[in-house]
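Engineer: Got a structure for you, written out below as structure tokens; questions coming shortly.
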Amino acid sequence: MADKPSSGEILGIPYNFERPSLGRLLSSYWQPGKGMLVEKPFGIGYTLNLANWRSWVVLAVAGGLYYQQTQSAAAGGDGDGGLDGEADDGPVEVIVDDD
């Protein structure tokens, strides 16, 4: 029986299940000549190339959104965007006009 390949591509998505070495891990996240996304050193798909400035923008935006979400959760806000900042959980009356 033939051995199954431990790396390759399926439907254009790369995979690699070879045992990762420290050098391969470090070199896969820092590839100056490549684009923003590069193949993962282990697993399926792509990861960010930290040698590309666009990756740092993505990380900064994600970090800012995470910080904003944790701050609003700590303040007790539910993020509904209300004017007074308080949630009204009371009943709502809906009037339907059949005319």
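Engineer: Looking only at region 19-62, which residues are closer than 24 Å to residue 5 by Cβ and among the β-branched types (Val, Ile, Thr)?
Structural biologist: Hits for region 19-62 are 38, 44, 47.
Engineer: Right, something else. Cβ contacts < 8 Å: first residue farther than 11 Å from residue 31 by Cβ, restricted to region 48-64; second residue surrounded by 13 or more Cβ atoms within 10 Å (Cβ to Cβ), any location; separation 6+ or different chain. Result?
Structural biologist: From region 48-64, the pairs are 54/36; 56/50; 58/36; 58/48; 59/48.
Engineer: Assess whether residue 45 counts as being out of contact with any helix residue (DSSP H, G or I) (no Cβ under 7 Å at 6 or more places or on another chain) and on the phi > 0 side of the Ramachandran plot.
Structural biologist: Values: out of contact with any helix residue (DSSP H, G or I) (no Cβ under 7 Å at 6 or more places or on another chain): yes; on the phi > 0 side of the Ramachandran plot: yes.
Here the answer is yes, as residue 45 does meet what is asked.
Engineer: Anything in region 2-26 that is of a type outside the set (Lys, Arg) and in contact (Cβ under 8 Å) with a residue 12 or more places away in the chain? List them, or say none. Working first, answer last.
Structural biologist: Looking only at region 2-26, we keep the residues that are of a type outside the set (Lys, Arg), and these are 2-3, 5-18, 20-23, 25-26.
Within region 2-26, 6, 13, 14, 15, 16, 17, 18, 20, 25 meet the criteria.
Every read-out reported here was derived from the displayed coordinates using simple, explicitly stated rules and does not represent laboratory data. Because the structure is a prediction, the values reported are computed rather than measured. So basically every Cβ, Gly included, is an ideal-geometry build from the backbone, and we count neighbours across all protein chains shown.
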